[in-house]
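One structure is given below, encoded as structure tokens.
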Amino acid sequence: MDPAEFTEEEQGRYDRQIRLWGIEAQQRMRNATILVVKLKGTATETIKNIVLAGIGKLILVDADDVEEVDLGAGFFFCDDDVGKKRVDAAKARIENLNPLVTVEIVPNFDVLDNQNFESTVNGVDLVCITDWDRDDLIRLNNICRRSRKPFYAGGTYGLLGYIFCDLLDHKYISPDRSSPKDAQKNVQVTASYSPLQDALRHRWSALSKRQTKELRPASVFAILSLWQFQSARNRLPLGTQDIDELQQTADALVSEADVNKQVLTTVPHSLIESVAMTAPHEFSPVCAIVGGLLAQDILKTLAAREPPIANFLTFDGNTGGASVCRLSMP
């Protein structure tokens with residue numbers, strides 16, 4: 001693409017990115033319409049970064065009102081916004097980040113009903129659902145799959161955070177490691193992703209002790225146990241009264257997944273205790289890290305210049321560590 005096809009304002013605003021990613025990558029971002037569901041702390045950071053990067057259009061869905069607890073991680077809100085719809089309160093501030101990006105708000109969750117969601121998804125390029133329950137994530141992911149749309153899910157539970165992506169058959173440019181060092185060239189690579197419902201059935205038996213340990217499986221199964229608990233109880237853990245059930249759920253999932261017993265047979269009690277006590281709460285630093293990683297990966301997918309997450313990332317704020325697991329991927 002000729003740089004002249006960008007306006008003077010666009011060339012000035014995106015000059016550094018164009019130099020980094022190239023004209024074609026920036027054009028793909030400019031043409032992209034992104035659907036983001038639920039404006040909590042993770043989505044706030046993600047939206048900031050993808051809007052500043054220059055996507056074409058953001059469609060933001062949230063039916064809830066701003067509460068006082070949102071003021072911590074939700075930097076699109078101020079004290080006077082409490083009681084207003086989140087999307088109404090945030091729209092102007094998001095637009096001020098980058099006037100070149102179109103922002104459309106949907107102040108209800110009706111769009112997530114099966115037929116409505118399928119119609120909406122057909123008009124976007126990528127879907128990102130944040131801070132949502134596992135069972136609905138599976139449903140929405142399957143709808144995206146039928147429409148051949150890339151799907152991201154991300155969120156935080158106190159000090160833990162996660163990102164899952166299903167990018168279908170994603171093509172991107174990667175250095176050709178077989179080429180001589182003095183004649184480096186790039187090749188197109190295709191990564192085949194799995195839907196969430198398949199990823200959750202992943203078995204770890206093929207991994208060595210060392211490979212398993214590197215993936216820090218305890219945080220993975222802490223997240224999965226939270227999802228299982230929420231599905232069964234229709235709520236998140238509320239404190240000490242839920243520690244034992246959460247521990248039993250986590251350990252059962254570890255056993256079912258056939259994790260190397262030399263690495264993990266039980267999720268550390270201290271981690272389960274932390275999860276049970278903090279899961280319903282947001283911590284700004286954790287939201288910033290997870291939301292930033294989520295935005296970065298969405299931009300990688302749009303630019304198709306680097307390998308995205310494949311396919312489940314977890315972050316543990318207790319240790320400051322993150323890991324990426326390939327769940328049911330080739």
Review point. So what does the Cα-only Debye profile of the stretch 85-218 read at q = 0.18, 0.19 Å⁻¹, as log10 I(q)/I(0), no solvent term?
Key: -1.19, -1.24
Check your understanding: Among 286-293, 302-309, what's the highest-first ranking by average C-beta atoms within 10 angstrom per residue?
Key -> 286-293, 302-309
Study note, to complete from the structure: Against the 2.2 N^0.38 Å rule of thumb, the C-alpha Rg of the stretch 1-77 sits at a ratio of 1.33
Point to revise | Inter-part distance where the stretch 218-286 and the stretch 70-96 are each reduced to a Cα centre, Å | key: 31
Check your understanding: Which entries of 185/209; 57/84; 261/300; 48/209; 91/149 show an alpha-carbon separation above 31 angstrom in the structure shown?
Key -> 185/209; 261/300; 48/209
Check your understanding: To the nearest 10 square angstrom, how much accessible area does residue 300 have with a 1.4 angstrom probe?
Key -> 50
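Counting pairs of alpha carbon atoms under 8 Å apart in space and at least six apart in sequence, what relative contact order in percent does the stretch 23-83 give?
This gives 36 percent for the stretch 23-83.
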Point to revise | Per-residue HN-Hα couplings for the stretch 196-206 [Karplus 6.51, -1.76, 1.60; θ = phi - 60°; Hz; x = Gly/Pro] | key: 4, 4, 7, 4, 6, 9, 4, 10, 9, 5, 7
Check your understanding: What FRET efficiency, computed as 1/(1 + (r/R0)^6) with R0 = 51 Å and r the Cβ-Cβ distance, is obtained for residue 10 and residue 265, rounded to the nearest 0.05?
Key -> 0.40
Review point. Heavy-atom accessible area per residue, the chain, 1.4 Å probe: how many Å²?
Key: 46
Exercise for review: Output ³J(HN,Hα) for the stretch 124-137: one whole-Hz value per residue in order, computed from phi by the Karplus curve 6.51 cos²θ - 1.76 cosθ + 1.60 with θ = phi - 60°, and x for Gly and Pro.
Suggested key: 10, 9, 7, 10, 9, 10, 10, 6, 10, 7, 4, 4, 6, 4
Exercise for review: With both partners inside the chain, how many of the DSSP beta bridges are antiparallel, as a percent to the nearest 5?
Suggested key: 60
Exercise for review: Compute the distance in nm between two label points, each set 7 Å from the Cα along the Cα-to-Cβ direction, one at residue 24 and one at residue 210.
Suggested key: 3.8
Exercise for review: Subtract the Cα-Cα distance of residue 198 and residue 104 from 0.36 nm times their separation in residues, and report this length gain in nm to one decimal.
Suggested key: 30.6 nm
**Study point:** Mean Cα-pair separation over length for the stretch 203-301, i.e. relative contact order, pairs under 8 Å, 6 or more apart, %
**Key:** 34
Check your understanding: Under 12 Å from the 7 Å Cα→Cβ point of residue 233, by amide nitrogen: which residues of the stretch 268-295?
Key -> 273, 275-280
Review point. In nanometres, what is the gap between the two model label sites at residue 63 and residue 284, each 7 Å from Cα along Cα-to-Cβ?
Key: 3.1
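Need one number: the % of Cα-Cα pairs in the stretch 109-157 sitting beyond the 13 Å mark.
Counting pairs separated by more than 13 Å, the tail of P(r) holds 52 percent.
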Exercise for review: Could you run the Debye sum over the Cα atoms of the stretch 140-188, one equal point scatterer each and no solvent, and tell me log10 of I(q)/I(0) at q = 0.18 Å⁻¹, two decimals?
Suggested key: -0.72
Exercise for review: Restricting to the stretch 1-150, compute how many DSSP beta bridges are antiparallel as a %, nearest 5.
Suggested key: 5
Review point. Counting pairs of Cα atoms in the stretch 57-141, how many percent are more than 14 Å apart?
Key: 68
Check your understanding: So what's the back-of-envelope 222 nm ellipticity for the chain, counting only DSSP H runs of four-plus at -39500 (n - 2.57) apiece and dividing by all residues, rounded to 500?
Key -> -12500 deg cm²/dmol
Practice item. Let me have the relative contact order for the chain, percent, based on Cα pairs under 8 Å that are six or more residues apart. Key: 20
Review point. When the Karplus curve 6.51 cos²θ - 1.76 cosθ + 1.60 is applied with θ = phi - 60°, which whole-Hz ³J(HN,Hα) does each residue of the stretch 13-18 get, with x for Gly and Pro?
Key: 6, 10, 3, 5, 5, 4
**Study point:** the chain - Kirkwood radius from inverse mean 1/r over Cα pairs (Å)
**Key:** 20.8
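The values are calculated or read from the model by the stated rules, or taken from the named source; none is laboratory data. All figures in this text were calculated on a predicted structure; none of them were measured in a lab. Because the Cβ atoms are built from the backbone with ideal geometry, glycine has one as well, and the counts that use them run over all protein chains shown. Quick note on the areas: whole protein, heavy atoms, side chains included, nothing else; ligands and nucleic acids left out. Shrake-Rupley method; radii C 1.70, N 1.55, O 1.52, S 1.80 Å.
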